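Below: one structure, written as structure tokens.
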Amino acid sequence: MTTLANRRTSHRWRLLALMLTAVFFAFGSFWLLQAMQDDDDGRLGDAGNEPDYIVENFSFVRMTPGGRPRYVVSGERLAHHPVTDVSEVSKPVVESMAPGRPRMTMHADRAQIHHQEDRVELMDNVDIQRPATPTSQAMRARTDALTVLTDEEIVKTERPVQMTLGASSLEGVGMVAENPTQKMHVGRGQIVYPPRPR
């Protein structure tokens with residue numbers, strides 16, 4: 001009778017050990033599968049963020065509904081990232097050419113073009129120039145970062161700005177300039193006017 005009880009107990013321990021081993025291997029396989037999927041997703045994420053096309057010495061023109069040039073964006077190199085639909089640009093030049101408005105040209109070391117928002121972020125050594133016209137004085141401004149809303153023809157920054165407007169000069173922090181209305185708002189700073197002729 002004791003031998004029969006010992007056999008049942010030893011059989012149960014073997015069965016329990018076998019079940020625990022099977023559970024261990026099941027969890028191990030599940031963990032390995034998850035680790036491999038995470039690794040694949042990481043690789044796919046990196047691949048998706050890689051440029052889908054690169055263009056050297058490019059130039060593209062946005063037209064008005066009437067078929068006239070509205071603005072031109074050019075540069076040394078453009079790399080488009082499909083996941084974010086953002087293009088990285090080296091040595092960008094943005095020229096506003098809207099009919100009936102003064103032409104404004106903006107240079108920088110690099111830029112990001114956000115295609116879905118019609119927005120260009122100019123960065124590092126940003127230089128804005130607008131020649132004199134019969135109704136407005138020549139303008140030049142320098143800053144380190146500038147947001148260009150291409151369709152609205154608005155440029156803005158929250159960074160320090162150095163500007164000359166005709167013979168006057170201005171230094172401030174923050175600026176919003178609207179090309180269609182020729183209005184400009186500058187944050188805190190100082191303006192230097194030339195003396196009036198006598």
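The values are calculated or read from the model by the stated rules, or taken from the named source; none is laboratory data. Computed from a predicted structure; not experimentally measured. Glycine also receives a Cβ, built like all others from the backbone with ideal geometry; neighbour counts cover every protein chain displayed. We work out accessible area using only protein heavy atoms, side chains counted, and drop any ligands, DNA or RNA first. Shrake-Rupley method; radii C 1.70, N 1.55, O 1.52, S 1.80 Å.
A few points about this structure:
- The lone criterion from (1) open to solvent by 100 Å² or more (accessible area, probe 1.4 Å); (2) more than 30 Å from Val126 (Cα to Cα); (3) at pLDDT 80 or above left unmet by Trp13 is number (3).
- Any hit, the stretch 76-91, residues being hydrophobic (A, V, I, L, M, F, W, C), on the phi < 0 side of the Ramachandran plot and more than 16 Å from the chain's Cα centre (by Cα): no
- Count of the stretch 107-138 residues which are assigned to a strand (DSSP E or B) and buried (at least 20 other Cβ atoms within 10 Å of the Cβ): 7
- Hits in the stretch 64-88 (condition: surrounded by 15 or more Cβ atoms within 10 Å (Cβ to Cβ), more than 17 Å from Glu50 (Cβ to Cβ) and not hydroxyl-bearing (Ser, Thr, Tyr)): Arg70, Val72, Val73, Gly75
- His81 being farther than 15 Å from Asn179 by Cβ and touching a helix residue (DSSP H, G or I) at 6+ places or on another chain (Cβ under 8 Å): yes
- A search for C-beta distances below 8 Å between a residue of the stretch 174-198 that is charged (D, E, K, R) and assigned to a loop (DSSP other than H, G, I, E, B) and any residue that is modelled with pLDDT of 80 or more and open to solvent by less than 60 Å² (accessible area, probe 1.4 Å), counting only pairs 6+ apart in sequence or on different chains, returns Arg188/Gly172; Arg188/Val173; Arg188/Gly174.
- Test: residue in the stretch 73-89 that is touching an Asp or Glu at 6+ places or on another chain (Cβ under 9 Å), assigned to a loop (DSSP other than H, G, I, E, B), within 17 Å of Thr150 (Cα to Cα) and free of Cβ contacts under 8 Å to residues at least 60 places away in the same chain: no
- Residue in the stretch 90-97 that is open to solvent by 30 Å² or more (accessible area, probe 1.4 Å) and in a loop (DSSP other than H, G, I, E, B) present: yes
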